[in-house]
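Okay, so here's the structure we're looking at.
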Amino acid sequence: MKTENNEADVRLSEKMIAPPSPIGSYDPSDVTFLLKDISSVQLERTTEEREAAIQSGVHYSEMLPTEYEPSAAYIELFHRTLDQSARDVALAAAIVAERIAAKLGKDVVLVSLARGGTPAGILIKRYLAYRYGWDVKHYSISIIRGKGIDENAILYILQQHGAHTELQFVDGWTGKGAIRGVLAEAAEQFESKYGYRMNDDLAVLADPGHCCTLFGTRDDYLIPSACLNATVSGLISRTVQRDDLIGPGDFHGAKYYEEWKDADLSHTFVDTVSASFPDIADEAAAQAEEMERHPAAATWQGLADIRMLQQKYGIDNVNLVKPGVGETTRVLLRRMPWKIIVNRLDNPGLKHILLLAEDRGVAVEVLPELTYSCCGIIKPLKGDTE
């Protein structure tokens with residue numbers, strides 16, 4: 001939020017942050033990553049090793065999953081899903097962009113949450129350019145549950161643009177709403193330290209968890225970028241925060257998988273979705289206007305589903321339940337799934353979930369009262385989890 005005095009400017013300048021080095025495969029006109037390149041460090045562990053470490057108390061941000069070049073089957077799934085949903089994703093991105101434009105105007109700075117939020121931020125930026133001719137600045141930064149937001153990244157942005165700047169945080173979709181909570185807590189902490197109050201109303205393309213008020217849709221469907229990892233996110237790894245790697249003046253870290261450039265689909269995703277903007281712009285503007293006239297509350301309805309599943313299946317740790325199509329897809333691709341819960345088997349948007357579950361030998365159960373289309377439950381081992 002904007003501040004009307006010079007106190008925040010002074011406090012923000014007390015710790016000057018050095019500019020970032022280029023990283024990632026996106027065009028610099030689409031996004032600036034505020035991340036430290038730690039590509040030379042070996043951080044990857046196998047799914048089994050990582051699961052055991054996470055559930056024994058190692059923080060998930062201190063290691064990385066072993067990411068492989070996606071198989072032909074996953075690439076085919078991505079292209080099929082993209083073909084089916086490009087218009088829906090474009091409409092959701094455009095609605096969010098219209099609502100941001102109405103609230104904050106052309107001087108807004110978009111701050112996407114790496115890495116899932118990065119494609120969403122690019123789509124919103126591109127739509128604002130297409131619809132209004134605005135060239136808004138877009139950064140992508142790290143936020144980590146249990147460790148908070150990258151304060152150095154926020155300081156850098158505000159040092160570049162001033163304490164009057166309106167930041168709009170962006171992510172792809174909501175699950176339980178954990179990151180929404182981390183962002184709200186980070187806003188309070190940042191204000192107490194630097195006198196600048198961040199806008200913590202996270203903007204997302206899809207909000208099946210009902211935990212945001214600024215969204216494009218609350219339908220629970222697969223955003224194609226959830227099918228893949230680095231190869232649809234600018235060849236960037238998940239973000240890393242470890243004291244021996246990240247110094248007090250550094251941004252949070254990430255690896256750049258430049259060796260996968262021939263398999264990179266990052267541009268394919270944002271280019272394909274952006275191509276639908278002319279077809280949906282008027283519809284998006286009308287829906288956004290209606291949403292602003294009748295704003296939806298954040299009821300956190302999805303979290304009630306999670307509590308119900310915990311009780312039903314005897315799950316002590318809430319972090320073992322990953323709700324929504326996107327998170328369920330990720331559980332099946334890179335975690336150790338125990339059960340998949342769906343609200344109905346004939347949902348055409350769940351074909352890939354059922355296929356992946358069959359391939360991995362994971363039980364699928366139907367729970368008609370589920371708010372989400374599906375939830376993935378990770379196999380319980382012990383201790384804290386991601």
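Bear in mind that the values in this text are calculations on the coordinates, not laboratory data. Quick caveat, the model's predicted, so the values are computed rather than measured. With ideal geometry, Cβ positions are generated from the backbone for all residues, glycine too; neighbour counts draw on all protein chains shown.
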**Message:** Suppose R0 equals 25 Å. What FRET efficiency, 1/(1 + (r/R0)^6) with r the Cβ-Cβ distance, do Asp244 and Arg145 give to the nearest 0.05?
**Reply:** 0.75
**Message:** Need the full-extension length gain, Asp346 to Ser192, defined as separation in residues times 0.36 nm minus the C-alpha distance. One decimal, nm.
**Reply:** 50.4 nm
**Request:** Could you tell me, in Å, what Rg and Dmax come out for the Cα atoms of the stretch 1-88?
**Result:** 20.3, 56
**Message:** Can you give the FRET efficiency to the nearest 0.05 for Val41 and Ala297, using r as the Cβ-Cβ distance and R₀ = 45 Å?
**Reply:** 0.55
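Considering the convex hull of the alpha carbon atoms of the stretch 277-384, report its projected area averaged over all viewing directions, in nm², one decimal.
Working: hull surface 36.1 nm².
Orientation-averaged projected area of the Cα hull: 9.0 nm².
For Gln160 and Thr213, compute 0.36 nm times the residue count separating them, minus their Cα-Cα distance, and round to one decimal in nm.
Numbers: separation 53, 0.36 × 53 = 19.08 nm, distance 2.83 nm.
Contour length minus Cα-Cα distance gives 16.3 nm.
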**Asked** Between Glu369 and Glu290, what length comes free when the chain is fully extended (0.36 nm per residue of separation minus the Cα-Cα distance, one decimal in nm)?
**Response** 25.6 nm
**Inter-label distance, nm, simple model (7 Å from Cα along the C-beta direction), Tyr313/Asp201** = 3.4 nm
**Prompt:** What size of dipole, in debye to the nearest 20, comes out for the chain about its Cα centre when the only charges are +1 on Lys and Arg C-beta atoms and -1 on Asp and Glu C-beta atoms?
**Reply:** 580 debye
**Message:** Quick check: pseudo-label points 7 Å beyond the Cα along Cα→Cβ at Glu69 and Met16, how many nm apart are they?
**Reply:** 4.4 nm
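Over the Cα atoms of the chain, what is the Rg over Rh ratio if Rh follows Kirkwood? Before the final figure, lay out the partial values.
Working: Rg = 19.9 Å, Rh = 21.1 Å.
Ratio value, two decimals: 0.94.
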**Asked** Which ³J(HN,Hα) values in Hz, rounded to whole numbers, follow from the phi angles of the stretch 268-283 under the Karplus curve 6.51 cos²θ - 1.76 cosθ + 1.60, where θ = phi - 60° and Gly and Pro get x?
**Response** 4, 5, 5, 5, 5, 5, 4, 5, 8, 4, x, 7, 10, 4, 5, 5
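Percent of Cα-Cα pairs more than 21 Å apart in the stretch 144-281, please.
55 percent
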**Approximate spin-label separation Lys261-Asp135, in nm, with each point projected 7 Å along Cα-to-Cβ** = 2.5 nm
**Request:** Averaging over all projection directions, find the projected area of the Cα convex hull of the stretch 41-133 and quote it in nm² with one decimal place.
**Result:** 9.1 nm²
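What is the mean projected area of the alpha carbon convex hull for the stretch 227-340, to one decimal in square nanometres? Kindly include the intermediate steps, with their values, before the conclusion.
Details: hull surface 48.4 nm².
One quarter of the hull surface, i.e. the mean projection, equals 12.1 nm².
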